[in-house]
Amino acid sequence: MNVLIVEDEKGLALEIDEFLSHEGFTIEHARTKKTGGEKIFVNNYDFILLDLGLPDGDGFELLKMLKDLKDRNDAVIILTARGAVDDRIMGLEQGADDYLAKPFSLNELLARIHAITRRKHKLESNEIAVKDFRINIQNRTVHYLNERINLTKKEFEIFNYLVLNKNRVISRTNLTEHVWGDVLEINSDSNFVDVHVKNLRKKLSQFIPVDWFETVRSIGYRVNI
Amino acid sequence: MKLQVKLALYNTLTKLAIIVFTGLLILFSLENITYNHITARLKDKKDELMKHLSSKEITQILNQQQSFTDYNILKEEYIFLKPIPYLSSRQTEESFVTARRTIEQTTDTYLILTYKFNFNNRSYLLEIGDTMDAVIQLKQTIKEFTLLMLFVALSLTLVIDLVFTKYLLTPFYQIIDRKLIRVNDPMNFDYKKVNTTTQDFELLDSSISTLMKKIADLFILEKQFIANVSHELLTPISIISSRLENVLLQEKLTEDSENKIFASLKTLNRLKSIINSLLLISKVENLQFDKNDAVDLKNVIAEVYSELEDRLDDKGIVFNNTITHAYHFQGNNSLIHTLLFNIINNAIKYNNKGGSIVIADAMYTEQYILEISDTGIGMDSEQIELAFNRFEKLNRHEKESYGLGLAIVKSITAFHGIRININSVKDKGTTVKLIFSKEMI
């Protein structure tokens, strides 16, 4: 899958590049509205990561330009540090697929990309296999062989996020922010995430030991597959 | 009291003082003048009489009769002469007295000159009287006339004064009304000059306009500053956190380094939270939110509860929602959500394990009151006062607190015109009261 990063902040663009390349994406860069516009006009992308505050104009104009083009199915995720209140609403209204406020976690970005991919392309692989378990993202269910496991909304969200970010340590902070949203003054030290993880693990290990579901010291969790 | 009223009051009082003073002066001098005038006339008459005393005519009269009285037709004046027992002294006596006398059945008040003298070796008493009635009448007329004149002059000048000061002060009140009272947002200030020829008002007008221009500029600057700060601070944080996440991807990282990187990410997250909290407060204070949502408090509390359920469970806190009224008002839904989230979150954070939180409400004719009570550690009165300050951490053991929660609460309540009241007893618990006035609906 190819991704266009329209971002004037070189440092950030390169980090996103490194992370997504690692995940197997092909990356292109644009640092201004002008080059961004040219690239969007010429190529189709699976994903456009769009910064709003560009040196030569507003990212919204690029979004508008893209939406005016015919037969385009590029998914757009707005990345912005602009604190304006209605940017999120305006972005989604104008056809962006998602909105991430800076600073965001790259894990979160990846999870959003996966979510959009599944939504847009209606992949047959709406199911992810995790050892002997199957996660159905569409229906938000988890099965062991043919038996459905009853997970709460939050347990499913935690499991799904850890699986999407498999083989990587996900910190409690990151997990909390993903599941509970970007709530101000969230108490990340509290162990209420742990309670959910504990319950989740209990439900899964009913069927088969889940030693691949690892607690990483005091940091967080990792799913090794 | 308005300046115009004060001036009018001052004018009236000074004019009244002038009237009283002049009135009294005129009355007093009138008294003196008339008295002096009449006595002088009586003296003249006496001298005239004495000069003619030796004339045959009078001598005859005196010789023939025991006493002599004469008066004019209207009895305004009279003269009376009678012999008295012989006075040895050469001295003559002269005195004035005001008394009533009856002449031919008519009683009147007279000013009387009484004069005792010796003539041809005999003593006589002479009385010359002049009626006071005419004088009193005259005095009355003059009194009335002057008082009337003074009163007319007073009213006339007073009316002129009032009209003039009103005319004079009109631009002043226009300045106050248009440039001070009706202004609640420097962005919508009316810079049009108030029409006046008074130099002082022109100066006042232009000074206020200049000041307002400065404030408006500062407002714009602050808004820009906030936008810039959010960009300039959040972007580098974004870069660092992304970079650290990429470092974590490396296989050969030692456990120690990995721990340190996670700790750094956590610190960055904390920095982000602080900046976002400060930005939120600034945006609320700069009125960058609208109030177009119909906020359903019961609904918002239910939302907040579902978000905080985990924390309540974690601490074993009983959440008792006893709301009975469906209260709606015009406001900003997401801000009210943040407001209640912060208050209830505090009620959890500063609660004891196994404590409880009670949410209650009450509807009155003028207001609606929402109460959030906890059974936590509480605050003393000194702490309550400090609680709303930014970065004020009352419980220094609380690692994850930035001391911004109540500052956010304060700015959101101020933005919506909600009054907030905190009652707290140390080690017993805290009750936060939100008072919504009915006008907000």
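The values are calculated or read from the model by the stated rules, or taken from the named source; none is laboratory data. Since the model is a prediction, treat every value here as computed from it, not as a measurement. Reconstructed Cβ throughout: ideal geometry from the backbone, glycine too, with neighbour counts over all protein chains shown. The protein model used for the area step is the full one, side chains on, heavy atoms only, and it has no ligands, DNA or RNA in it. Shrake-Rupley method; radii C 1.70, N 1.55, O 1.52, S 1.80 Å.
Consider the range A:16-61. How many of its residues are within 14 Å of chain B (Cβ to nearest Cβ), open to solvent by 20 Å² or more (accessible area, probe 1.4 Å) and either basic (Lys, Arg) or closer than 23 Å to B:Asn228 by Cβ (or both)?
The number of residues fulfilling the criteria is 4.
What are the residue pairs meeting all of these: first residue in the range B:225-236, first residue more than 7 Å from chain A (Cβ to nearest Cβ), second residue modelled with pLDDT of 75 or more, Cβ atoms under 7 Å, and 6 or more apart or on different chains?
Listed pairs, sorted by first residue: B:Leu233/B:Ile275.
Out of the range A:67-86, which residues are under 29 Å from B:Ser282 (Cα atoms) and either open to solvent by 10 Å² or more (accessible area, probe 1.4 Å) or within 9 Å of chain B (Cβ to nearest Cβ) (or both)?
Hits for the range A:67-86 are A:Leu79, A:Thr80, A:Ala81, A:Arg82, A:Gly83, A:Ala84, A:Val85, A:Asp86.
Which helices (runs of 4 or more DSSP H) sit wholly inside the range A:82-171 and have at least 1 residues that are touching a residue at least 40 places away in the same chain (Cβ under 8 Å) and either within 26 Å of A:Gly53 (Cβ to Cβ) or over 12 Å from the mean Cα position of the chain (by Cα) (or both)? Can you show your working first?
Values: elements: A:87-93, A:106-121, A:153-164.
Hits in the range A:82-171: A:106-121, A:153-164.
Before we move on, is B:Lys223 outside any helix (DSSP H, G or I) and over 30 Å from A:Ser218 (Cβ atoms)?
Details: outside any helix (DSSP H, G or I): no; over 30 Å from A:Ser218 (Cβ atoms): yes.
The answer is no for B:Lys223.
Do the conditions hold for B:Lys166, that is, is it part of a helix (DSSP H, G or I), open to solvent by 60 Å² or more (accessible area, probe 1.4 Å) and touching a residue at least 40 places away in the same chain (Cβ under 8 Å)?
Considered against the rule, which asks whether it is part of a helix (DSSP H, G or I), open to solvent by 60 Å² or more (accessible area, probe 1.4 Å) and touching a residue at least 40 places away in the same chain (Cβ under 8 Å), B:Lys166 comes out as yes.
Each row is one residue, and each column tells you yes or no for (1) at the interface with chain A (Cβ under 10 Å from one of its Cβ atoms); (2) more than 48 Å from the chain's Cα centre (by Cα); (3) surrounded by fewer than 18 Cβ atoms within 10 Å (Cβ to Cβ); (4) modelled with pLDDT under 85.
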{"site": "B:Glu245", "(1), (2), (3), (4)": "yes, yes, no, no"}
{"site": "B:Lys260", "(1), (2), (3), (4)": "no, yes, yes, no"}
{"site": "B:Leu265", "(1), (2), (3), (4)": "yes, yes, no, no"}
{"site": "B:Ser277", "(1), (2), (3), (4)": "yes, no, no, yes"}
{"site": "B:Lys283", "(1), (2), (3), (4)": "yes, no, no, yes"}
{"site": "B:Lys291", "(1), (2), (3), (4)": "no, no, yes, no"}
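Can you tell which of B:Leu111, B:Leu126, B:Leu87 is within 60 Å of the chain's Cα centre (by Cα) and surrounded by 14 or more Cβ atoms within 10 Å (Cβ to Cβ)?
Exactly one residue qualifies, and that residue is B:Leu111.
Would you be able to tell me the number of residues in the range A:175-202 that are assigned to a helix (DSSP H, G or I), at the interface with chain B (Cβ under 10 Å from one of its Cβ atoms) and either at pLDDT 90 or above or open to solvent by 20 Å² or more (accessible area, probe 1.4 Å) (or both)? Explain how you work it out, then say what you get.
Initially, the range A:175-202 is screened for residues assigned to a helix (DSSP H, G or I), giving A:175-180, A:192-202.
Of the ones still in play, those that are also at the interface with chain B (Cβ under 10 Å from one of its Cβ atoms) are A:176-177, A:179-180, A:192-196.
Among the residues that remain, those that are also either at pLDDT 90 or above or open to solvent by 20 Å² or more (accessible area, probe 1.4 Å) (or both) are: A:177, A:179-180, A:194-196.
Here the count works out to 6.
I'm trying to understand the selection: among the residues of the range A:203-220, which are farther than 30 Å from B:Thr254 by Cα and either surrounded by 16 or more Cβ atoms within 10 Å (Cβ to Cβ) or not polar (S, T, N, Q) (or both)?
A:Lys203, A:Leu204, A:Phe207, A:Ile208
Of the conditions (1) touching a residue at least 12 places away in the same chain (Cβ under 8 Å); (2) in a loop (DSSP other than H, G, I, E, B), A:Asp71 fails just one. Which one is it?
Just one mismatch for A:Asp71, condition (1).
Take the range B:94-114 and flag every residue that is modelled with pLDDT of 85 or more and closer than 18 Å to B:Lys51 by Cβ.
Within the range B:94-114, B:Leu113 is the sole residue that qualifies.
Considering only residues that are open to solvent by less than 30 Å² (accessible area, probe 1.4 Å) and within 12 Å of B:Glu285 (Cα to Cα), look in the range B:396-421 and name the one that is modelled with the lowest pLDDT.
B:Ala407
Here are B:Leu233, B:Leu253: which of them is at pLDDT 85 or above, among the aliphatic types (A, V, I, L, M) and within 60 Å of the chain's Cα centre (by Cα)? Please lay out each step first, then the result.
On the way: B:Leu253 fails: within 60 Å of the chain's Cα centre (by Cα).
Going through B:Leu233, B:Leu253 in turn, just one is at pLDDT 85 or above, among the aliphatic types (A, V, I, L, M) and within 60 Å of the chain's Cα centre (by Cα): B:Leu233.
Take B:Glu222 and tell me if it is open to solvent by 70 Å² or more (accessible area, probe 1.4 Å), touching a helix residue (DSSP H, G or I) at 6+ places or on another chain (Cβ under 8 Å) and not aliphatic (A, V, I, L, M). Outline the logic, then answer.
Details: open to solvent by 70 Å² or more (accessible area, probe 1.4 Å): yes; touching a helix residue (DSSP H, G or I) at 6+ places or on another chain (Cβ under 8 Å): yes; not aliphatic (A, V, I, L, M): yes.
In short, yes.
Test each condition in (1) modelled with pLDDT of 85 or more; (2) small (Gly, Ala, Ser); (3) under 29 Å from B:Lys223 (Cα atoms) for B:Gly316 and report the one that comes out false.
With (1) modelled with pLDDT of 85 or more; (2) small (Gly, Ala, Ser); (3) under 29 Å from B:Lys223 (Cα atoms) applied to B:Gly316, the lone miss is (3).
Being of a type outside the set (A, V, I, L, M), surrounded by 14 or more Cβ atoms within 10 Å (Cβ to Cβ) and out of contact with any helix residue (DSSP H, G or I) (no Cβ under 6 Å at 6 or more places or on another chain) is the filter here, so list the residues in the range B:24-38 that pass it.
B:Tyr35
Does any residue in the range B:1-12 that is over 11 Å from B:Leu158 (Cβ atoms) and touching a residue at least 24 places away in the same chain (Cβ under 8 Å) come within less than 8 Å, Cβ to Cβ, of a residue that is surrounded by 11 or more Cβ atoms within 10 Å (Cβ to Cβ) and among the basic types (Lys, Arg) six or more places away or on a different chain, and which pairs are these?
That search, which allows pairs on different chains as well, returns B:Gln4/B:Lys166.
Inside the range A:1-15, can you point out the residues that are facing chain B (nearest Cβ under 10 Å) and under 16 Å from the mean Cα position of the chain (by Cα)? So that I can check it myself, show each step before the final result.
Quick first cut of the range A:1-15, residues facing chain B (nearest Cβ under 10 Å) only: A:7-15.
The one that is facing chain B (nearest Cβ under 10 Å) and under 16 Å from the mean Cα position of the chain (by Cα): A:Glu15.
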